[in-house]
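Presented below is the structure to which this report refers.
The values are calculated or read from the model by the stated rules, or taken from the named source; none is laboratory data. Being a predicted model, the structure only gives us computed values, none of them experimental. We place every Cβ from the backbone using ideal geometry, glycine too, and count neighbours over all the protein chains shown.
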Amino acid sequence: MIYRLDPELRAAAAALPQVYRTDVVAARKVAASRVVLGPAPEDVTVEKHVAGAVPLRVFRPNRWTGGAVVHAHGGGFILSDLDATHARDVEIARETGALVVSVGYRLAPECPFPAPVEDVHTGLEWVHAQAGVDPARVVLHGVSAGGALAASVALSTTQPVRLLFLVSPVLDDRLETASSLRFTDTPVLTRRDLEICWSAYLGDVDRTPEGAAPGRSRDLARVPPTYVSVAEFDPLRDEAIDFARSLLDAGIGVELHLFPGTFHGSLAVRGAAVSERQLSEEIAVLRSVL
């Protein structure tokens, strides 16, 4: 299928790996090989903490304003770690003045649901209990599979959350939306990749456990106001839009943005105008609530 990708993104798309189509060990090596931490920041202090058995990486800006962002990285439930988003976490801390707490949650298939959700919830609890933050200014932030974890926590937690911020979130294991059915050969992520990821995350079960797939949830009363960004050519696009619509129907405040010409993970193409616009908007939204 021919996709109307943004011209700046099209040139980079072919160089981005389809990491989910190999075995887990190989996929993790590919993902790790692409990580660039960048130089040590002068205006953000990076700290290592442990909440229970959950590793946390805390990014403390010199001009901390009291708010916090609890971040769950992407990686299809099976890949990635605290290093993967280190550079972006530094940027968010620097540009928003918020404490950024990245959660090193356990990965599937070794640790399927509910372990990753429990770890992100532990990170949120640690922020409220130990970090000295303003409890009214805590954002729960998730990218891709991390969006599923953040949304699952938001559905059940009693901890205060000012905003749920979802970037191209994985939300529904049924894979029945139009974008999921049509986008079988999109860059970086395809329907087949999602089948692999959901199988690893759910494990050997006869039915999807309650809370594992936020897109299936009917009781949305606990979900805070939510920001959702989606890529145009992403199998996940329509389930994110459906989730936003369900939140609206439940009376939850929602801001939904679709970025034209983009694909899953295209934010990694720094310098492209549409990527920079999406990243700038992320900072602006976070500043508005922090």
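Screening Pro169 against (1) more than 20 Å from Val269 (Cβ to Cβ); (2) part of a loop (DSSP other than H, G, I, E, B); (3) in contact with a helix residue (DSSP H, G or I) (Cβ under 7 Å, 6 or more places away or on another chain); (4) of a type outside the set (A, V, I, L, M) leaves a single unmet condition, (1).
Here is a list of conditions, (1) more than 24 Å from Pro169 (Cα to Cα); (2) assigned to a helix (DSSP H, G or I); (3) out of contact with any strand residue (DSSP E or B) (no Cβ under 7 Å at 6 or more places or on another chain); (4) in contact (Cβ under 8 Å) with a residue 12 or more places away in the chain, and Arg94 meets all of them except one; can you say which number that is? Of the numbered conditions (1) more than 24 Å from Pro169 (Cα to Cα); (2) assigned to a helix (DSSP H, G or I); (3) out of contact with any strand residue (DSSP E or B) (no Cβ under 7 Å at 6 or more places or on another chain); (4) in contact (Cβ under 8 Å) with a residue 12 or more places away in the chain, the odd one out for Arg94 is (3). Number of residues in region 80-93 that are in contact with a Phe, Trp or Tyr (Cβ under 8 Å, 6 or more places away or on another chain) and either surrounded by fewer than 22 Cβ atoms within 10 Å (Cβ to Cβ) or under 16 Å from Val36 (Cβ atoms) (or both) equals 2. Quick check on Phe165: is it under 20 Å from Phe259 (Cα atoms), aromatic (Phe, Trp, Tyr) and at pLDDT 95 or above? The answer is yes for Phe165.
Can you tell me which residue within region 241-278, out of those that are part of a helix (DSSP H, G or I) and touching a residue at least 60 places away in the same chain (Cβ under 8 Å), is farthest from His71 (Cα to Cα)? Step through it out loud before you land on a result.
Of all residues in region 241-278, those part of a helix (DSSP H, G or I) come to 241-249, 266-268, 273-278.
Among the residues that remain, those that are also touching a residue at least 60 places away in the same chain (Cβ under 8 Å) are: 242-243, 266-268, 273-275.
On the way: Asp242: 23, Phe243: 20, Ser266: 19, Leu267: 16, Ala268: 17, Ala273: 25, Val274: 23, Ser275: 19 Å.
So, considering only residues that are part of a helix (DSSP H, G or I) and touching a residue at least 60 places away in the same chain (Cβ under 8 Å), the one farthest from His71 (Cα to Cα) is Ala273.
Against the test of being within 29 Å of Ala115 (Cα to Cα), out of contact with any Asp or Glu (no Cβ under 9 Å at 6 or more places or on another chain) and of a type in the set (A, V, I, L, M), the options Ala250, Ala240, Ala231 yield a single qualifying residue, Ala231.
Selection of region 18-34 for residues being farther than 21 Å from Ser179 by Cβ and either surrounded by fewer than 14 Cβ atoms within 10 Å (Cβ to Cβ) or without any contact (Cβ under 8 Å) to a residue 40 or more places away in the chain (or both) yields Thr22, Asp23, Val25, Ala26, Lys29, Val30, Ala32, Ser33, Arg34. For region 172-189, a tally of residues being part of a loop (DSSP other than H, G, I, E, B) and either among the hydrophobic types (A, V, I, L, M, F, W, C) or in contact with a strand residue (DSSP E or B) (Cβ under 6 Å, 6 or more places away or on another chain) (or both) returns 6.
Take the residues of region 256-288 that are among the β-branched types (Val, Ile, Thr), at pLDDT 95 or above and crowded, with 19+ Cβ neighbours inside 10 Å: which is nearest to Val228 (Cα to Cα)?
Filtering region 256-288 down to residues among the β-branched types (Val, Ile, Thr) leaves 262, 269, 274, 283, 285.
Pick out the ones that are also at pLDDT 95 or above and you get 262, 274, 283, 285.
Checking the rest, the ones that are also crowded, with 19+ Cβ neighbours inside 10 Å come to 262, 274.
Values: Thr262: 15, Val274: 16 Å.
Going through the qualifying residues, I end up with Thr262.
Look through region 204-243, keep the residues that are surrounded by fewer than 19 Cβ atoms within 10 Å (Cβ to Cβ) and among the small types (Gly, Ala, Ser), and return whichever of them is farthest from Pro109 (Cα to Cα). Per the criteria, the residue is Ala221. Would region 66-73 turn up any residue that is part of a loop (DSSP other than H, G, I, E, B) and surrounded by fewer than 20 Cβ atoms within 10 Å (Cβ to Cβ)? Checked against the condition, which is being part of a loop (DSSP other than H, G, I, E, B) and surrounded by fewer than 20 Cβ atoms within 10 Å (Cβ to Cβ), region 66-73 yields at least one hit.
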